[in-house]
1. Determine whether the range 14-36 contains at least one residue that is modelled with pLDDT of 80 or more and not polar (S, T, N, Q).
2. Which members of the range 161-211 meet the condition of being surrounded by 13 or more Cβ atoms within 10 Å (Cβ to Cβ) and small (Gly, Ala, Ser)?
3. Considering the range 61-96 alone, what residues qualify as being outside any helix (DSSP H, G or I) and touching a strand residue (DSSP E or B) at 6+ places or on another chain (Cβ under 9 Å)?
4. Could you grab me the full set of residues in the range 139-174 that are assigned to a strand (DSSP E or B), among the small types (Gly, Ala, Ser) and farther than 16 Å from Phe79 by Cα?
5. Checking Leu56 against (1) loosely packed, with under 14 Cβ neighbours inside 10 Å; (2) farther than 24 Å from Glu202 by Cα; (3) at pLDDT 80 or above, only one condition comes out false. Which one?
6. Within the range 171-202, can you find the residues that are farther than 16 Å from Trp91 by Cα and over 17 Å from the mean Cα position of the chain (by Cα)?
7. Could you grab the pairs with beta carbons closer than 9 Å, sequence gap of 6+ or different chains, first residue in the range 157-177 and more than 16 Å from Gln131 (Cα to Cα), second one in a strand (DSSP E or B) and of a type in the set (Ser, Thr, Tyr)?
Amino acid sequence: MGKYSKQLSLISVFLLMVWMLLSGGERALALSENDPLVQVQKSVDEILVILQSEELQTPEKKDERKQRILTVVNRMFDFRGMARSSLGQNWNSLTTEERDSFVSLFASLIEQRYIGKIDAYSNQKVIYKDQRVRNNKARVYTAIIDRDLEIPIDYSLQMSQGKWLIKDLKIENVSLIANYRRDFNSIIRKEQFAGLVEKITEQLEKSEMQN
């Protein structure tokens, strides 16, 4: 599970980057209402309002705060598409029930890391280098500036039912989904699909206990 643990760390960085989009960055592009970056910004603004709410800072509001954030997060990502891509050809051999269950499990990976790390970072800056849109697909090129460190983050999005949804990203030119697919396939070859489900479930339970 060494590589798998690294992927959890990778997605943690990504989700933190989504949270920081436009929260402290400089706008470098002139964007229209229908651009993917604008649609992401709207969701991020909602999350920032939740984070800054004094009412939701109290301990008794912790669960409500978490659920409100997750509601927004669930609108930002194409979890089903990401889960399907992460399994590659293995997806085709699953039953409908197995697919639905795995999508839920995969989404929990993202959600848990997001909620667990969202308050950990501050003072980073986001710069926007380019945005390319072709038909129903788009890629947004950004970089995170943290002191003297610049981390390139490229977002892949796809238009679905009138909105842009995140389907993959590259951190320092490393694809999240490609890495997941490689590691998941390796586990499935050794332990079958049931073994992969077990490992992900164990990791989620361990993280939940730590939180």
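The values are calculated or read from the model by the stated rules, or taken from the named source; none is laboratory data. Keep in mind that what you see is a predicted model, and the values were worked out from it rather than measured. Virtual Cβ from ideal backbone geometry, glycine too; neighbours counted across all protein chains shown.
1. Within the range 14-36 (the criterion being modelled with pLDDT of 80 or more and not polar (S, T, N, Q)), the answer is yes, since at least one residue qualifies.
2. Across the range 161-211, the qualifying residues are Ser175, Ala178, Ser186, Gly195, Ser207.
3. Across the range 61-96, the qualifying residues are Phe77, Asp78.
4. Ala143
5. (1)
6. Lys190, Glu198, Lys199, Thr201, Glu202
7. Ser175/Ser156; Ile177/Ser156
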